[in-house]
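Report on the following structure.
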Amino acid sequence: MAKMQTPAMARLARKNRRRKQEAGVSSLGYEAWKRLKRNRMAMIGMVIILLLIACAIFAPLIAPYDYEYQDYNAILQPPSGTHLMGTDNFGRDIFSRVVYGTRISIPIGLICVCISSTVGGTFGALAAFYGGKTENIIMRFMDIYQSIPSMLLAIAIAAALGSGMRNLIFAIALGTIPLYARVVRGAILTVKRKDYVQAARAIGASTGRLIIKHMLPNCVGPIIVQMTFSVAAGILTAASLSYIGLGIAPPTPEWGAMLNAGKQYLQTYPHMLIFPGLMIMITVLALNLFGDGLRDALDPRLK
């Protein structure tokens, strides 16, 4: 009779453990959110980020003009009631182009982070899990890879592949793969010897399940923080490449490309550079403020 009850009791025990884990994760998330709310600068950064995302989603409703519309009777006009940020050398409304630029710059940063974190995180997780010769091979390759400055690597790849959003994303994402390999490797090593990982290994959990189900969810804090900072770095790198003519080509309203187009008018019509530059600065600053607050909120030593 006891043998017949064993499977049911085992299932009940697994359900109870799962509920406790979910309750623990929920509690940790709630505590992190409470600490984040107490950080005023982080909340300001989060509000700005949400406003920028809303701006990207509702760009056609916010922008008063089409970003490609050229009004040759309004060339190089200063900021006014008709054109809030003035016009460029083709009579295009800068405010409209800046608004539509959020649809270019923010997705570039997000997509680059998704690619680099997936590829680099996979290598880092495998290196930490298997250790030994596998770890040495992967990490020594990452050391060689990381010895090349990321900006120099991005410039070389963008110059070889040509301009365009796809090539720009590829160039930026490749440069940050070693960073995520190191972050994920370090995070996995901290939880690799935990009791719940050993228990999952003892009942025959596969390598993929051990990494994805048991390890990564318990070390996701530093990965998320690094991703936040990397979005800001990706936006800044994309703007830099576009500024030197290796990123997004006109007439696409990318902020770095707008700076490149207006650099010759710096002394006579500085508004062509001021507003795109301000958008880059505000976006990167907001992401860094939010990332700092998120790092503090997810730090277990602050509990």
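The condition of being touching a residue at least 12 places away in the same chain (Cβ under 8 Å), closer than 18 Å to I235 by Cβ and buried (at least 19 other Cβ atoms within 10 Å of the Cβ) holds for only one of S105, S96, that being S105. Consider A8 carefully, then state whether it is at pLDDT 90 or above, over 26 Å from L289 (Cα atoms) and of a type outside the set (V, I, T). Considered against the rule, which asks whether it is at pLDDT 90 or above, over 26 Å from L289 (Cα atoms) and of a type outside the set (V, I, T), A8 comes out as no.
Here A233 passes the criteria (1) in contact (Cβ under 8 Å) with a residue 24 or more places away in the chain; (2) part of a helix (DSSP H, G or I); (3) surrounded by fewer than 19 Cβ atoms within 10 Å (Cβ to Cβ) except the one numbered (3).
When you check P222 against the structure, is it more than 22 Å from E68 (Cβ to Cβ), modelled with pLDDT under 90 and either out of contact with any strand residue (DSSP E or B) (no Cβ under 7 Å at 6 or more places or on another chain) or of a type outside the set (S, T, N, Q) (or both), yes or no? Judged against the criteria, P222 is a match. Helices (runs of 4 or more DSSP H) fully within segment 121-215 that include at least 2 residues being of a type in the set (G, A, S): 150-161, 165-175, 177-191, 195-202. Picking from residues in segment 108-124 that are among the β-branched types (V, I, T) and under 18 Å from S150 (Cα atoms), the one that is surrounded by the fewest Cβ atoms within 10 Å (Cβ to Cβ) is T118. Could you tell me which residue of segment 248-272 is nearest to the chain's Cα centre (by Cα), considering only residues that are surrounded by fewer than 19 Cβ atoms within 10 Å (Cβ to Cβ) and part of a helix (DSSP H, G or I)? So, considering only residues that are surrounded by fewer than 19 Cβ atoms within 10 Å (Cβ to Cβ) and part of a helix (DSSP H, G or I), the one nearest to the chain's Cα centre (by Cα) is K263. With the requirement that a residue be among the aliphatic types (A, V, I, L, M) and over 25 Å from V47 (Cα atoms), what does segment 236-257 give you? Correct list: L241, I244, L246, I248, A249, A257.
T283 falls short on exactly one of the conditions (1) among the hydroxyl-bearing types (S, T, Y); (2) surrounded by fewer than 22 Cβ atoms within 10 Å (Cβ to Cβ); (3) in a helix (DSSP H, G or I), and that condition is (2). The C-beta contact set for segment 36-59 (first residue within 15 Å of I280 (Cα to Cα), second residue of a type in the set (D, E, K, R), distance under 9 angstrom, 6+ apart or interchain) comprises G45/D292; C55/R103; A56/R103.
When A158, A171, A127, A181 are screened for being crowded, with 17+ Cβ neighbours inside 10 Å, touching a residue at least 24 places away in the same chain (Cβ under 8 Å) and in contact with a Lys or Arg (Cβ under 7 Å, 6 or more places away or on another chain), only A127 passes. For first residues located in segment 257-269 and closer than 14 Å to L241 by Cβ, partners that are modelled with pLDDT of 90 or more and among the charged types (D, E, K, R) and lie 6+ apart or on another chain with Cβ distances below 7 Å form the pairs M258/R97. Of the residues that make up segment 239-260, is at least one at pLDDT below 90, touching a Lys or Arg at 6+ places or on another chain (Cβ under 9 Å), on the phi < 0 side of the Ramachandran plot and of a type in the set (S, T, N, Q)? Within segment 239-260, none of the residues are at pLDDT below 90, touching a Lys or Arg at 6+ places or on another chain (Cβ under 9 Å), on the phi < 0 side of the Ramachandran plot and of a type in the set (S, T, N, Q). Evaluate segment 74-90: report whether one residue or more is part of a helix (DSSP H, G or I), surrounded by 15 or more Cβ atoms within 10 Å (Cβ to Cβ) and modelled with pLDDT of 90 or more. No, segment 74-90 has no match at all.
The values are calculated or read from the model by the stated rules, or taken from the named source; none is laboratory data. These figures come from a predicted structure and were not determined experimentally. Positions of Cβ are backbone-derived with ideal geometry, glycine not excepted, and every protein chain shown enters the neighbour counts.
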